[in-house]
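Structure record follows, encoded as structure tokens.
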Amino acid sequence: MRAQIIGLGYGLPERRLTNQDLEKMVDTSDKWIVERSGIRERRIADQPIKCSDLAYQAAEMAVQRAGISAQQLDLIIVATSTPDMFFPSTACIVQDLLGATNAAAFDLSAGCTGFVYGLDVAHKYLLADDCHYVLVIGAEIISRILDYEDRNTCVLFGDGAGAAVLGKGSDAYGILSSVLGADGSGAAHLSMPAGGTAMPASLETVQNRLHFLRMNGNEIFRFASRITSEISSQVLQKAGYTYSDVDIFVPHQANIRIIRTAMKRMNIPAEKTLINLDKYGNTSAACIPVALFEAEQEGRIKAGDLVLLVAFGAGLTYGGVLLRWGRD
Ligand code: COA
């Protein structure tokens, strides 16, 4: 038995925020953003759109494409750092919207690695006899926690959601191996400092702009450049493959320079690498499922392809999943 992705979906807000738009908001330039990150535009969800709305949009499509009913879902995982609220979980809100009355539901906090973490959890859940279908969603409205006075961060991120339904299948397709990890000593490098129990919301926290994402870009850059190829190597090795066996490489869409470093180290060419950060920026947990959805639509991923997913993010977290694309 293998856990197979049997349906994908996505939800992207309509509004585009281009680098030229950002030039009017902060001291930046299209040239700087493109050269330093590779991003040209990103999507922004305006109020009153909530994280659960994008998640639901992606989820409904994934369930439909899987060819199952929402009632058949056993578990819903929403990977997000920007939930509708602290509690209840966004997963419970999506469960209700879908009418997935037989599913347990929880949110998963692993930053941009959330979707990869979610796939690993789904994979392990599906080994159990009483679990048949798991829905994993990566959904973010990062724009709502971005400081549009901070050029170091506001140019990098965008909003969106992607979802995958996983079911059980034969050994021919599905997840072959996965590796998850974390280095909590780097927690301070990417965080939203206030609003939790460590620093509850107060007039002062709002005035000091502590409810926005804070990032040490250089530290994350160094970490990401190292970890992407390291995790790729581990997850491939675990399943008995090497870099040259990879048909499609799906890296986290944070920065084109991080992706190029990994491609170079692993000797994976551009035609095997999925890149969409130019259009959407870093949509955190949504990056990988949106990239998979688009690639499948465009016929870039075919049944039988060896697909390598790798992500890193707040935590610091990191993870990789290797799968043989397709379903029975
Ligand atoms: N426009 C213009 N200049 C900018 C800018 C912007 N949007 N953002 C930063 N700068 C400036 C800096 O202020 C700095 O100026 P200074 O030298 O006068 O102080 C200069 O550009 C260089 O900054 P530096 O941090 O060295 O740039 P960089 O080339 O390393 O790129 C990041 C910065 C943030 C793009 C890069 O470090 C990065 O992508 N890090 C990883 C972030 C990430 O992936 N986060 C999500 C993880 S899931």
Applying the selection to segment 298-312, what residues are assigned to a strand (DSSP E or B) and either at pLDDT below 95 or not aromatic (Phe, Trp, Tyr) (or both)? Leu306, Val307, Leu308, Leu309, Val310, Ala311
Total residues in segment 15-30, condition under 24 Å from His252 (Cβ atoms) and in a helix (DSSP H, G or I): 3
Name every residue in segment 112-125 that is surrounded by fewer than 24 Cβ atoms within 10 Å (Cβ to Cβ) and either within 16 Å of the ligand (Cβ to nearest atom) or among the hydrophobic types (A, V, I, L, M, F, W, C) (or both), in order of residue number. Val121
What are the residue pairs meeting all of these: first residue in segment 14-26, first residue assigned by TED's automatic domain parsing to the domain that holds Pro48, second residue away from the ligand (no atom under 13 Å from the Cβ) and acidic (Asp, Glu), Cβ atoms under 8 Å, and 6 or more apart or on different chains? Arg15/Asp46; Arg16/Glu41; Leu17/Glu41; Thr18/Glu41; Asn19/Glu41
Give segment 201-216 a look and list any residue that's surrounded by fewer than 16 Cβ atoms within 10 Å (Cβ to Cβ) and either touching a Ser or Thr at 6+ places or on another chain (Cβ under 9 Å) or over 25 Å from Thr261 (Cα atoms) (or both), or say none. Ala201, Ser202, Leu203, Glu204, Thr205, Val206, Gln207, Asn208, Arg209
Between Ala194, Ala198, Ala224, which is surrounded by 16 or more Cβ atoms within 10 Å (Cβ to Cβ), outside the structural domain of Leu126 (by TED's automatic domain parsing) and farther than 28 Å from Val136 by Cβ? Ala194
What about Ile256, is it touching a helix residue (DSSP H, G or I) at 6+ places or on another chain (Cβ under 6 Å), in contact (Cβ under 8 Å) with a residue 40 or more places away in the chain and on the phi < 0 side of the Ramachandran plot? no
Here is a check on your reading of the model: is Ala295 assigned to a helix (DSSP H, G or I), assigned by TED's automatic domain parsing to the domain that holds Ile227, surrounded by fewer than 24 Cβ atoms within 10 Å (Cβ to Cβ) and aliphatic (A, V, I, L, M)? yes
Does Ser244 qualify as being touching a helix residue (DSSP H, G or I) at 6+ places or on another chain (Cβ under 8 Å) and assigned by TED's automatic domain parsing to the domain that holds Asp183? no
If you scan segment 186-216, which residues turn out to be out of contact with any Leu (no Cβ under 8 Å at 6 or more places or on another chain) and within 16 Å of the ligand (Cβ to nearest atom)? Ala188
Which one of the conditions (1) in a strand (DSSP E or B); (2) buried (at least 23 other Cβ atoms within 10 Å of the Cβ); (3) within 16 Å of the ligand (Cβ to nearest atom); (4) not polar (S, T, N, Q) does Gly9 fail to meet, given that it meets all the rest? (3)
Filter segment 136-173 down to the residues that are among the basic types (Lys, Arg) and more than 20 Å from the chain's Cα centre (by Cα), then identify the one that is nearest to Gln72 (Cα to Cα). Lys168
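The values are calculated or read from the model by the stated rules, or taken from the named source; none is laboratory data. Since the structure is predicted, the reported quantities are computational estimates derived from the model, not experimental observations. As a convention, Cβ positions derive from the backbone with ideal geometry for all residues, glycine included, and neighbour counts pool all protein chains shown.
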